[in-house]
Structure formats: structure tokens, C-alpha cells
1. Considering Lys31, Lys9, which residue is basic (Lys, Arg), farther than 21 Å from Thr58 by Cα and exposed (fewer than 12 other Cβ atoms within 10 Å of the Cβ)?
2. Specify the residue that is farthest from the chain's Cα centre (by Cα); the eligible residues are those in region 34-57 that are at pLDDT below 90 and surrounded by 12 or more Cβ atoms within 10 Å (Cβ to Cβ).
3. Kindly evaluate Glu68 against the criterion of being modelled with pLDDT of 90 or more and either assigned to a loop (DSSP other than H, G, I, E, B) or among the acidic types (Asp, Glu) (or both).
Amino acid sequence: MFFILRLKKDNSDWAQKNIEILLKMSPSSLKIAKKAIDEGKEKSLADCLKIEYRLACTALTRDGDFYEGNKMKF
């Protein structure tokens with residue numbers, strides 16, 4: 001992903017720590033979060049909150065990556 005590549009160019013401890021964290025995350029979740037942030041730049045707070053609510057509801061369904069990934073951790 002683009003933002004991971006940008007972090008790899010930064011040799012700071014902060015960047016390296018965040019690369020380790022991001023690489024453990026679901027690629028689907030990272031892409032969804034990035035898209036939501038990019039699209040949210042042009043929206044009102046109310047619209048962003050509606051989108052965030054819909055994303056959270058979708059992520060928490062039993063057939064999603066989030067549910068399965070956390071089930072496997074515990």
C-alpha cells in the first residue's frame with residue numbers, strides 16, 4: 001500500500017513501529033479505512049459520521065474479516 005511505502009522511506013522509530021502494526025492488520029480493512037478518509041475530506045461531519053456508522057455495522061457482521069480476525073486472536 002502507498003502509505004506503507006511512504007513509511008518505509010522514513011527511518012524514524014515511529015515509522016518503523018507503525019509499519020509493524022499495519023502489516024499485522026487486515027488488508028481489506030486498511031483499504032476501506034484509507035478510502036473513507038480520502039472521501040471524508042469532501043464531506044460534512046454529519047455525512048462522515050453516517051459513513052463511519054455504516055462501516056462499523058458492516059465490519060461487525062459475523063461473516064466479515066474483522067469478526068473472523070478477532071475470533072482467531074482470542
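The values are calculated or read from the model by the stated rules, or taken from the named source; none is laboratory data. Since we're looking at a predicted model, the values are computed, not measured. We place every Cβ from the backbone using ideal geometry, glycine too, and count neighbours over all the protein chains shown.
1. Lys9
2. Only one residue tops the list, namely Leu55.
3. Working: modelled with pLDDT of 90 or more: no; either assigned to a loop (DSSP other than H, G, I, E, B) or among the acidic types (Asp, Glu) (or both): yes.
Considered against the rule, which asks whether it is modelled with pLDDT of 90 or more and either assigned to a loop (DSSP other than H, G, I, E, B) or among the acidic types (Asp, Glu) (or both), Glu68 comes out as no.
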